[in-house]
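**Student:** Structure below; questions to follow.
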Amino acid sequence: MPSDVEGIDVVVHCDRAISQSGYSAETASSVPLDSPYAREREADKGLVTVMPGEQRTREFLVPRERILSALEIRYDMDVHDEIDFLRLTGGDAIVVHTYTTNAGIFTVSDVWPLPATSKLSSLPEPLHELTQRALDACGSPSAKAP
């Protein structure tokens, strides 16, 4: 599937595997988070940002029993850039955008909770368009956007 980046395709996995313990937003750092380099970039506050209020946290977990379905959207390139869409019980959903920053030193995740009353269109571009196209491609009723 074409992406928003010219010449780069998007790969969609309609049935993303979830561990028994649940889903954890991905993070990584090649430097200690208490190092001066990390502190200067506020990575010591956490590598997960819960949107839209930009609240920083060290981890974001969703228990397995809350997850009805999950899909993964990944750019077909060497740079780590992916979107996970989780359909939750109660009609809620979560979109997680994971990517690298600072020349690959940090892998960070931006988490967008979507309550049942929220619309997928509330996501910024290209998250909204890519997620909607992936949901359409998967065609699963359990993966339809709110």
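**Student:** Picking from Ala70, Ala134, which residue would you name as being more than 27 Å from Leu33 (Cα to Cα), surrounded by 21 or more Cβ atoms within 10 Å (Cβ to Cβ), out of contact with any helix residue (DSSP H, G or I) (no Cβ under 6 Å at 6 or more places or on another chain) and touching a residue at least 60 places away in the same chain (Cβ under 8 Å)? Walk me through how you get there before you give the answer.
**Tutor:** On the way: Ala70 fails: touching a residue at least 60 places away in the same chain (Cβ under 8 Å).
After ruling out the rest, the residue left standing is Ala134.
**Student:** Taking the stated definitions as given, is Ile94 within 12 Å of Tyr23 (Cβ to Cβ), of a type in the set (A, V, I, L, M, F, W, C) and touching a Pro at 6+ places or on another chain (Cβ under 9 Å)?
**Tutor:** In short, yes.
**Student:** Of all residues in segment 27-55, which are loosely packed, with under 15 Cβ neighbours inside 10 Å and closer than 21 Å to Leu114 by Cβ?
**Tutor:** Passing the criteria: Pro52, Gly53, Glu54, Gln55.
**Student:** Answer yes or no: is there a residue in segment 71-88 that is hydroxyl-bearing (Ser, Thr, Tyr) and either over 13 Å from the mean Cα position of the chain (by Cα) or within 13 Å of Thr27 (Cβ to Cβ) (or both). Spell out how you get there, then give the answer.
**Tutor:** Of segment 71-88, the ones hydroxyl-bearing (Ser, Thr, Tyr) are 75.
From what's left, either over 13 Å from the mean Cα position of the chain (by Cα) or within 13 Å of Thr27 (Cβ to Cβ) (or both): none.
No, every residue in segment 71-88 fails to be hydroxyl-bearing (Ser, Thr, Tyr) and either over 13 Å from the mean Cα position of the chain (by Cα) or within 13 Å of Thr27 (Cβ to Cβ) (or both).
**Student:** Quick one: in segment 1-35, which of the residues that are charged (D, E, K, R) and in a loop (DSSP other than H, G, I, E, B) is modelled with the lowest pLDDT?
**Tutor:** Residues of segment 1-35 that are charged (D, E, K, R), as a first pass: 4, 6, 9, 15-16, 26, 34.
After this cut, where a residue has to be in a loop (DSSP other than H, G, I, E, B) as well, the list is 4, 6, 15-16, 26, 34.
Working: Asp4: 63, Glu6: 70, Asp15: 84, Arg16: 83, Glu26: 96, Asp34: 96.
For segment 1-35, the residue satisfying everything is Asp4.
**Student:** Another question, then. Tally time: how many residues in segment 100-131 are modelled with pLDDT under 95 and either crowded, with 20+ Cβ neighbours inside 10 Å or aromatic (Phe, Trp, Tyr) (or both)?
**Tutor:** Here the count works out to 5.
**Student:** Can I ask one more? Could you please find all residues in segment 67-115 being more than 16 Å from Thr49 (Cα to Cα) and small (Gly, Ala, Ser)?
**Tutor:** Within segment 67-115, Ser69, Ala70, Gly90, Gly91, Ala93, Ala103, Gly104 qualify.
**Student:** In segment 73-92, how many are surrounded by 15 or more Cβ atoms within 10 Å (Cβ to Cβ), under 17 Å from Leu114 (Cβ atoms) and out of contact with any Ser or Thr (no Cβ under 8 Å at 6 or more places or on another chain)?
**Tutor:** Count: 2.
The values are calculated or read from the model by the stated rules, or taken from the named source; none is laboratory data. The structure presented is a predicted model; accordingly, all values stated were derived computationally and were not measured. When we count neighbours, we look across all protein chains shown, and the Cβ atoms used for this are built from the backbone with ideal geometry, even at glycine.
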